[in-house]
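Reviewing the structure listed below.
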Amino acid sequence: MKGKRVSLTAYAGYRGDEEPRSLVLEGRRITVTRIEERWVAQDADGGNQRRCFRVMGSDGQRHLLCCHETTNDWYLE
């Protein structure tokens, strides 16, 4: 897994799939204002899956966030 592990709050809807709501980056809380795209990706070695989200943050920047399915850890890629 590449990327930087981040602290993140997520919401699990009625289907149980979590989607990001906010993240903490360099000590600053950034609210997810919009989810632009979502997909499931397989690690390059064919192993674990991760759920990825391209989001717009309250800081005006786009962020790529991925959740490792096995560990449930979130990464900023």
*Residue farthest toward the positive end of the dipole of the chain, with Cβ of Lys/Arg at +1 and Asp/Glu at -1: which of A44, T33, L8?*
T33
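Quick check on packing: order 53-61, 5-13, 33-41 by the mean number of other C-beta atoms within 10 Å, highest mean leading. Intermediate results must be reported in sequence, preceding the final value.
Details: 53-61: 15.2, 5-13: 13.1, 33-41: 11.3.
So the order, starting with the most tightly packed, is 53-61, 5-13, 33-41.
Using only the Cα atoms of the range 6-52, build the gyration tensor, take square roots of its eigenvalues as a ≥ b ≥ c, and label the shape rounded, prolate or oblate: rounded if a/c is under 1.5, else prolate if a/b is larger than b/c, else oblate.
Here the range 6-52 falls in the oblate category.
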*asked:* If I model a spin label at A12 and R28 as a point 7 Å from the Cα along the Cα→Cβ vector, what separation in nanometres do I get?
replied: 3.1 nm
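Compute the signed sum of charges (Lys and Arg +1, Asp and Glu -1) over the other residues within less than 14 Å, Cβ to Cβ, of M56. Working shown, then result.
On the way: positive: R21, R34, R38, R54, R62; negative: E19, E36, E37, D59.
Neighbourhood net charge equals +1.
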*asked:* Quick check: pseudo-label points 7 Å beyond the Cα along Cα→Cβ at L64 and C52, how many nm apart are they?
replied: 0.5 nm
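None of the figures in this text is laboratory data; all of them are computed from the coordinates on show. Computed from a prediction, not measured in an experiment: that's the story for all the values here. Neighbour counts run over all protein chains shown; Cβ positions are idealised from the backbone, glycine included.
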